[in-house]
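The structure under discussion appears below in the form of structure tokens.
What follows is calculated from the coordinates using simple rules that are stated; it is not laboratory data. Given the structure is predicted, the values throughout are model-derived calculations rather than measurements. Neighbour counts run over all protein chains shown; Cβ positions are idealised from the backbone, glycine included.
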Amino acid sequence: MRRLIFVGTVLLFVFSISLTLCAERVSAQGPAGAGAAAAAQESSHSVNPLNWVRKNSKASSEMPGNRRDIETKITPTLQAQGVLAANATATDACAPFMTLDGCLATLHASHNLGVDFNCLRGAVTGVHTSANVSGCNVADGEKPLGLNNAIHQLKPNVNTKQATKDAEQQAMNDLKGIAG
């Protein structure tokens, strides 16, 4: 009798787990049938919990136009500030970066601290371009570092937190200047 109760309990448990797993798989597939594509695009509910949290708005995400247009507009400003060399463009300098504000902050940090931009860019992005980085203190092939950590590796005696904050503020000001 005990064995029968035990087997029944195990079967009930396995059955309930399989129903739960199957239900999750079906709900993850989204709508099906006629008009499914329209229903899927109109759905405002995201399954990804990271999208449920409202993030801080960044000036780069609020900027009208595409990234290339913004880089073209900001190049003369950066050249006039001495942040970018006269023969360089923001498009070329920012190519390895995922976000434009991250690139601009790195440009400003390298200018403010007197650090080679190619070294800092390589440390922040983890992408080493054809530029000469033989004098860099950051090891090749390492994972990308945050701007704060990259500055610390290249200039250990600097207040990295303040330097990062200043560079990020300068980048935001540059983007606000482009917006009008």
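In terms of overall dimensions, the range 66-179 has a Cα radius of gyration and Dmax of 13.1, 38 angstrom.
Less than 12 Å Cβ to Cβ from Thr9, Lys/Arg counted +1 and Asp/Glu -1: what total charge do the surrounding residues give? Spell out each step's value before the answer.
Working: positive: Arg2, Arg3; negative: none.
Result for the local shell: +2.
Projecting the Cα atoms of Ala123, Ala171, Asn66 onto the dipole axis of the range 66-179, where Lys and Arg carry +1 and Asp and Glu carry -1 at the beta carbon, places Ala171 farthest toward the positive end. The label point for Arg68 and the one for Ile5, both projected 7 Å from the Cα toward the Cβ, are 7.4 nm apart. When each of the peptides 107-113, 68-74 is scored by how many other beta carbons lie within 10 Å of its residues on average, the order from highest to lowest is 107-113, 68-74.
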